[in-house]
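What follows is a short report on a single structure.
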Amino acid sequence: MLELIYPSSPAPLLRGVKRGRAAEMLPIVDETGNVRAQAPREYCHSGGEKPLHPVVHLHIINRNGEIYLQQRGAHKDLLPLYWDTAVGGHVSYGEYIPEALYREAAEELGLHDFLPQGLCNYIFESNDERELVSVFAAVGEYAIHPDPDELAGGRFWSIREIERAMGAGVLTPNFEGEYHRIKDALLALL
């Protein structure tokens, strides 16, 4: 799995970027995880240069072979109320991949005690951004408590339900692409 490599001193701001007062800063990386710069989250989502920045995804599978999906909050700018990966979020500047994964799982689902299995890394690009995605999965029976400020809800889906929903405008395009990429690896964990 990918590890972020930070420089020995703070990475410079991405050329042409100005730091806002309370801006959440993200590491800007190359394809191998070397941190080259930092930039505010808003800049990374502007649809302009689309600097590559790291994110984490966690798929949760129960012992019945069902996959937990979160329903994105109605307040989200991108794809509100679509169903998506159980946990997904940006790595903040100064964080490492495992730190971001556990922080996001706690924030979104109140999930603290899980053992993630690394599945893959890939680059995802949309009209708005470009992400270096680190994908993990955890198998078990977990107490999941979606944060209503973050999410509209969540539930376990059978493989059959997920496959019927593909292409129907119910699942995020990112989830659909990732699911095709990792389905066999997810099923192998059972």
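The values are calculated or read from the model by the stated rules, or taken from the named source; none is laboratory data. Predicted, not measured: the structure shown is a model, and the values here were computed from it. Don't worry about glycine lacking a Cβ; one is built from the backbone with ideal geometry, like all the others, and counts go over all protein chains shown. What goes into the accessible areas is simple: the full protein's heavy atoms, side chains included, and nothing from ligands, DNA or RNA. Shrake-Rupley method; radii C 1.70, N 1.55, O 1.52, S 1.80 Å.
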### Query
What number goes with the only condition from (1) open to solvent by less than 10 Å² (accessible area, probe 1.4 Å); (2) within 21 Å of residue 38 (Cβ to Cβ); (3) outside any helix (DSSP H, G or I) that residue 101 does not pass?
(3)
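Going residue by residue through the stretch 173-185, is there one that turns out to be more than 21 Å from residue 75 (Cα to Cα) and not in a helix (DSSP H, G or I)?
Start the filter on the stretch 173-185 by keeping residues that are more than 21 Å from residue 75 (Cα to Cα), which leaves 176-185.
If we keep only those that are not in a helix (DSSP H, G or I) too, we end up with none.
So far as the stretch 173-185 goes, no, none of its residues is more than 21 Å from residue 75 (Cα to Cα) and not in a helix (DSSP H, G or I).
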### Query
Somewhere in the stretch 131-150, is a residue within 12 Å of the chain's Cα centre (by Cα), among the charged types (D, E, K, R) and closer than 19 Å to residue 34 by Cα?
yes
### Query
For the stretch 34-70, how many residues meet the condition of being open to solvent by 30 Å² or more (accessible area, probe 1.4 Å), assigned to a strand (DSSP E or B) and polar (S, T, N, Q)?
1
### Query
Does the stretch 159-171 contain any residue that is of a type in the set (Val, Ile, Thr) and either under 14 Å from the mean Cα position of the chain (by Cα) or within 25 Å of residue 4 (Cβ to Cβ) (or both)?
no
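Kindly evaluate residue 75 against the criterion of being assigned to a loop (DSSP other than H, G, I, E, B) and over 22 Å from residue 93 (Cα atoms). Reasoning before the result, please.
Details: assigned to a loop (DSSP other than H, G, I, E, B): yes; over 22 Å from residue 93 (Cα atoms): yes.
The answer is yes for residue 75.
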### Query
Which one of the conditions (1) under 18 Å from the mean Cα position of the chain (by Cα); (2) crowded, with 17+ Cβ neighbours inside 10 Å does residue 79 fail to meet, given that it meets all the rest?
(2)
### Task
Given the conditions (1) exposed (fewer than 15 other Cβ atoms within 10 Å of the Cβ); (2) at pLDDT 95 or above; (3) in a loop (DSSP other than H, G, I, E, B), report the number of the one that residue 146 does not fulfil.
(1)
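Going through 88, 167, 94, 153 one at a time, which residue ends up being on the phi > 0 side of the Ramachandran plot, in a strand (DSSP E or B) and either surrounded by 14 or more Cβ atoms within 10 Å (Cβ to Cβ) or modelled with pLDDT of 95 or more (or both)? Show your work before the answer.
Working: 88 fails: on the phi > 0 side of the Ramachandran plot; 167 fails: in a strand (DSSP E or B); 94 fails: in a strand (DSSP E or B).
None of the other options fit; the residue is 153.
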### Task
Can you work out which of the residues in the stretch 117-143 that are crowded, with 19+ Cβ neighbours inside 10 Å and β-branched (Val, Ile, Thr) is farthest from residue 185 (Cα to Cα)?
133
### Task
Please list, ordered by first then second residue, the pairs with beta carbon atoms under 6 Å, 6 or more apart or interchain, first in the stretch 148-166 and within 17 Å of residue 187 (Cβ to Cβ), second open to solvent by less than 40 Å² (accessible area, probe 1.4 Å).
156/62; 156/68; 157/67; 157/69; 166/176
### Query
Could you count how many residues in the stretch 178-190 are open to solvent by 40 Å² or more (accessible area, probe 1.4 Å) and under 17 Å from the mean Cα position of the chain (by Cα)?
3
### Query
Which condition does residue 111 not pass, out of (1) buried (at least 17 other Cβ atoms within 10 Å of the Cβ); (2) in a loop (DSSP other than H, G, I, E, B); (3) more than 16 Å from the chain's Cα centre (by Cα), if it passes all the others?
(3)
### Task
Please determine, by comparing only the residues of the stretch 3-33 that are among the aliphatic types (A, V, I, L, M) and over 27 Å from residue 120 (Cβ atoms), which one is most open to solvent (accessible area, probe 1.4 Å).
22
